[in-house]
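As structure tokens, the structure follows; a few thoughts come after it.
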């Protein structure tokens, strides 16, 4: 095709797209007259151009002739279809006519609207005979392994609490295995399912009704609707189950802390008795001249505090429990992968680096070590090679950072980065109680506040 003809076709189609939301048979007739070719030939050339050039791919055929729809109304229809292509056409027509009546325009006849809508859906790549068309509008598709029978069965297992031995803090392994099974099912049956939380945000307000809606549909009826409902149920269960597991990790960590607290006084008293016994023996040896005074002096000045020693003893006694939590954390985060979690704090970044294996304890400076342990005596103990104690402390601190929001999960609802979510909200200038400039000044501590000092009501002497 000559460049001039291609440019002329592009100009005609672009003008129609901008004015009416797509081109019609009238535009094809205009082009055929200009280039002296049959309309059928022009249609084939346009389809070929749409396949070969991205600039032509967005042009949509909306029928043989234009109907009285504004570009805003066409955009409204496209937005609705993109959000839910399974929406009843009659309901869509009702909403559109309500908008037109509110603006003083006439109603659009059903026959004209349905024909136009069919052409619009074809232009958007929505095939009404495709049972997976809703998934495709969301940028996904199904694999060859997918079947509606297996998908419907998956709602019972694995996407449910069924057959789990004990839904409590005592069955972390079972919950973790069920979550991995759900993730495998999603990856094996859907393609290009990446940011699952974006789907969850659109579903969460009606998630409690989804299973009852699916149960009300016969297995051989409304396949397209079933595909959507099943996917939404699976997404909701996966995200909620992930949050449930994270909550159980936090509860387990708290349970270990309470067990350690209950035994702390007993362990400290035992260590004090042992130290007093050693001091008594040294005093006896000093009295008989077996040792010098410096040894007894050093015992009082260079020994580690009883509180720190007790902490080490208690951590070692619960190393298996902490190891269990750490293994589940590694599985849950793919060894603390950046694709799964986000870190929002310097100390948390160091802790994750140690757990991931990117850093070693000996490579840290004194300030970093103290920011993790918060105890100089404990730093010395870890420096001597107590890797088991360090692993327990890192696990404990990592879970604390998850609880406080310094470590967030990208696929979680409750434990995700809320700051990014708030930033993404579209807020107009009029909706601010203060201007955006003032807000930025407040965040940067540059806002000058004129306020009277709080009156001192105490009696003056």
For this session: Please report 161, 56, 237 as a ranked list, fewest other C-beta atoms within 10 angstrom at the top and most at the bottom.
Result: 161, 56, 237
Problem set entry | Simple spin-label estimate for residue 34 and residue 58 in nanometres, 7 Å along Cα-Cβ | 1.9
Seminar exercise, completed: Note to self, the chain gives a 222 nm [θ] from helices alone (DSSP H runs n ≥ 4, -39500 (n - 2.57) apiece, / all residues, nearest 500) of -20000 deg cm²/dmol
For this session: Could you pull the Cα extents of segment 3-57 along its three principal axes, largest to smallest, in whole Å?
Result: 24, 23, 18
Problem set entry | Inter-centroid distance (Cα atoms) of segment 1-31 relative to segment 127-145, Å | 30
For this session: Would you mind getting me the FRET efficiency between residue 443 and residue 420? Use the beta-carbon distance for r and R0 = 22 Å, nearest 0.05.
Result: 0.90
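Once R0 is set to 30 Å, what does the formula 1/(1 + (r/R0)^6) return for the Cβ-Cβ distance between residue 259 and residue 371, expressed as a FRET efficiency to the nearest 0.05? Don't skip to the end; give the middle numbers.
Values: r = 26 Å, r/R0 = 0.88.
For residue 259 and residue 371, the calculated efficiency is 0.70.
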Exercise. How far is it, in nm, from the label point at residue 213 to the one at residue 347 when both lie 7 Å from their Cα along the line to the Cβ?
Worked result: 4.5
Seminar exercise, completed: Per the rule of 0.36 nm per residue minus the C-alpha distance, extending residue 403 to residue 162 adds in nm 84.0 nm
Seminar exercise, completed: Stretched fully, the stretch from residue 86 through residue 205 gains (0.36 nm per residue minus C-alpha distance, one decimal, in nm) 41.0 nm
Seminar exercise, completed: For the chain, longest principal axis from Cα atoms; helix 346-356 axis from its Cα atoms; angle between them, nearest 10 degrees, is 90
Problem set entry | Highest-first arrangement of 371-378, 149-156, where packing means the average Cβ count within 10 Å | 371-378, 149-156
Exercise. What angle, in degrees between 0 and 90 and rounded to the nearest 10, separates the Cα long axis of helix 223-287 from the longest principal axis of the Cα atoms of the chain?
Worked result: 10
Exercise. Using alpha carbon centroids, what distance separates segment 208-273 and segment 348-367, in Å?
Worked result: 30
Exercise. What is the fewest-to-most order of 343, 366, 235 by other Cβ atoms lying within 10 Å of their Cβ?
Worked result: 366, 343, 235
For this session: Over every pair of different alpha-carbon atoms in segment 110-236, take the mean of 1/r and invert it; report that Kirkwood radius in Å.
Result: 16.3
For this session: Set the Förster radius R0 to 60 Å, insert the Cβ-Cβ distance between residue 251 and residue 11 as r into 1/(1 + (r/R0)^6), and round the FRET efficiency to 0.05.
Result: 0.40
Exercise. Going by average Cβ neighbours within 10 Å, how do the peptides 353-359, 308-314, 259-265, 392-398 rank, with the highest at the top?
Worked result: 392-398, 308-314, 353-359, 259-265
For this session: For the chain, find the longest principal axis of its Cα atoms and tell me its angle to the long axis of helix 306-317, 0 to 90°, nearest 10.
Result: 60
Seminar exercise, completed: Here P(r) for segment 335-422, Cα-Cα distances in 10 Å bins, as whole percents, is 16, 49, 25, 9, 0
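How much length is gained if the chain between residue 335 and residue 225 is pulled fully straight, taking 0.36 nm per residue apart and subtracting their Cα-Cα distance, in nm to one decimal?
Taking 0.36 nm per residue and subtracting the Cα distance, the gain is 35.9 nm.
Enter the mean projected area of the convex hull around the alpha-carbon atoms of segment 71-123, in nm², rounded to one decimal.
Over every viewing direction, the Cα hull of segment 71-123 projects on average to 3.5 nm².
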For this session: May I ask you to work out the translational diffusion coefficient for the chain at 4 °C, viscosity 1.567 mPa s, via Stokes-Einstein with Rh from the Kirkwood sum over Cα pairs, reported in whole µm²/s?
Result: 45
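Values in this text are rule-based calculations from the coordinates and carry no lab data. A quick note: this is a predicted structure, and the numbers were derived from the prediction, not measured. Heads up, the Cβs are rebuilt from the backbone with ideal geometry, glycines too, and the neighbour counts pull from every protein chain shown.
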